[in-house]
Amino acid sequence: MQAVAASAMRIADLPGPAGLPLVGNAHQIRLPHFHQQLEAWREQYGDAYRIRVWTRRFVVIADPQLAAEALRDRPGTFGRTARVSLAATEMGFGGLFASNGERWRRQRPMVMAAFDPGHVRRYFPALVHVGHRLAARWRRAGDAPIPLQADLMRYTVDVISGLAFGTDINTLDGEGEVIQQHMDKIFPALFRRTLAPFPYWRWAKLPSDRRLDRHLAAFSAAIQEFIAAARARMDADPGLREAPRNLIEAMLSARDRHGLQDDDVAANVGTMLLAGEDTTANTLAWMLYLLSRHRWALERATAEVRRVLGDDRVPARIEQLEQLEFIDACAHETMRLKPVAPLLPQQAARDTTLGGIAIPAGTMCIFLMRAPANDAKHFPHPAAFDPDRWLREDAATTRRVSMPFGAGPRMCPGRYLALLEIKMAMATLLGGFDLLSVAAADGGEVSERLSFTLTPTPLAMRLRAR
Ligand code: HEM
């Protein structure tokens, strides 16, 4: 990243869609389809253009090299937008994802340690246990349609609370009220608030804001329970202060030594639940949908799982998951076509230039992450579902352009866990069941909706136990 050169192009000189006097381009944007609108404008205006939403000006960048350059230059030059930070902090999630600068720097190593491959591998027996519960849940469903995303979210929340909080909340065996039903409302609300023209809810609350407050209160009570349980374990066994076994214990023991506050601990517990739930569950939902539409790939994936598992119906050893090459390729191909983060908004923390464009401090940049990964310039037959492109010799180039976990120092710390969870769920499903169908629960078309993450229309899955 260079300092601003006198010859740099001004944002006002970039091409972009014409807007109306007051609203700019706001009237052309429907939030659930914001990403598709930005991708369509990219076809017209190229890899760098500008838009205005009310008073806020955005530079939209779809060049993968420039995106990687900016994402690497964090926390110094770019960071999460002030809107995301503020809206998340107001809702109680001012943890790692929403922080910038020193506050981010202080938290990142702790989170990285909690999700490092060595730690995640030690958790594997508990993951096997959750896999068995998922299989049992699906066997209980029999021939009935399975609400795919809802079940997958039970799975991901059970995994994350076991791994990061040391609490077995077991929502997979339950049917009633679960923590996920609050998270379902919180994530989309956070997204809406980050793009709202002004923060009206600070002055007057609509009925939807009051409902959100109730969900936030219930969610916060659940978080406090995780923290209280961890405190009780640490009081009973003071040795855990020196050798914490999971993220929540690490944060509690670092609280005194590294100046973390109670609020930081709660904010990160909430952050991990949100960041770990929706992302992995929706990636799995998209993957099952795409496999159901490409029967040849489904058959190959099924054959691979059954060969590797032998007599097991649920994986018993991590080495089995590590042999699932084709499943791994299917996961990457799914994240190329349906990345849960098709765009990454960032705000410039200081004056800079990016690709010859002068970017003053405070400018909002939106990096389009899916567009280049679906461009014939970088990928032959970009619209095809072709997992083999990840197994070919030139896969390294493929990986440089498709960046589903982001890039640079803020790259997703949960990526190793996410891929392991994905393989565990897929092996449990294909090992123990035949996948009959995945379709929109209402019988209509399956479409994309952006609500912080890219989600499919609610899906129903049918299985037959082997
Ligand atoms: C398939 C699943 C997942 C995908 C596609 C995904 C994707 C992403 C992306 C794109 C980012 C932004 C990276 C950037 O700014 O460069 C991110 C950040 C983050 N992810 Fe994930 N993620 C997944 C699963 C998880 C899991 C399982 C966790 C663990 C709980 C997690 C925790 C986080 C956190 C805490 C951040 C913020 C990191 C920071 O700002 O330093 N994610 N993720």
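Just a few scattered comments:
- When the criteria are applied in full, Leu291 fails the requirement of being near the ligand (Cβ under 10 Å from one of its atoms) and either at pLDDT 95 or above or open to solvent by 10 Å² or more (accessible area, probe 1.4 Å) (or both).
- When the stretch 74-99 is filtered for residues that are open to solvent by 40 Å² or more (accessible area, probe 1.4 Å) and either among the acidic types (Asp, Glu) or within 24 Å of Ala418 (Cα to Cα) (or both), the ones remaining, listed by number, are Glu90, Phe97.
- The listed residue being at pLDDT below 95, over 30 Å from His215 (Cβ atoms) and of a type in the set (Gly, Ala, Ser), out of Ala70, Ala48, Ala8, Ala62: Ala8
- A count restricted to the stretch 448-466 and to residues that are open to solvent by 50 Å² or more (accessible area, probe 1.4 Å), under 14 Å from Gln149 (Cα atoms) and small (Gly, Ala, Ser) stands at 0.
Yes/no per residue for (1) at pLDDT 90 or above; (2) touching a helix residue (DSSP H, G or I) at 6+ places or on another chain (Cβ under 9 Å); (3) crowded, with 17+ Cβ neighbours inside 10 Å; (4) not aliphatic (A, V, I, L, M):
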residue: Ala126; (1), (2), (3), (4): yes, yes, no, no
residue: Arg139; (1), (2), (3), (4): yes, yes, no, yes
residue: Asp143; (1), (2), (3), (4): yes, no, no, yes
residue: Gln149; (1), (2), (3), (4): yes, yes, yes, yes
residue: Leu152; (1), (2), (3), (4): yes, yes, yes, no
residue: Val157; (1), (2), (3), (4): yes, yes, yes, no
residue: Ile160; (1), (2), (3), (4): yes, yes, yes, no
residue: Leu163; (1), (2), (3), (4): yes, yes, yes, no
residue: Asn170; (1), (2), (3), (4): yes, yes, no, yes
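- Of the candidates Asp184, Asp173, the single residue that is among the acidic types (Asp, Glu) and either under 29 Å from Pro342 (Cα atoms) or under 23 Å from the mean Cα position of the chain (by Cα) (or both) is Asp184.
- Single unsatisfied condition, Leu152 versus (1) within 12 Å of the ligand (Cβ to nearest atom); (2) out of contact with any Asp or Glu (no Cβ under 8 Å at 6 or more places or on another chain); (3) closer than 24 Å to Asp262 by Cβ: (3)
- Criterion: assigned to a helix (DSSP H, G or I), over 21 Å from the mean Cα position of the chain (by Cα), free of Cβ contacts under 8 Å to residues at least 40 places away in the same chain and within 13 Å of the ligand (Cβ to nearest atom) - qualifying residue of Arg103, Arg140: Arg103
The values are calculated or read from the model by the stated rules, or taken from the named source; none is laboratory data. Everything numeric in this text was worked out from a predicted model, so none of it was measured. Every residue, glycine as well, gets a Cβ built from its backbone with ideal geometry; the counts of neighbours run over all protein chains shown. With ligands, DNA and RNA removed, areas are computed over all heavy atoms of the protein, side chains included. Shrake-Rupley method; radii C 1.70, N 1.55, O 1.52, S 1.80 Å.
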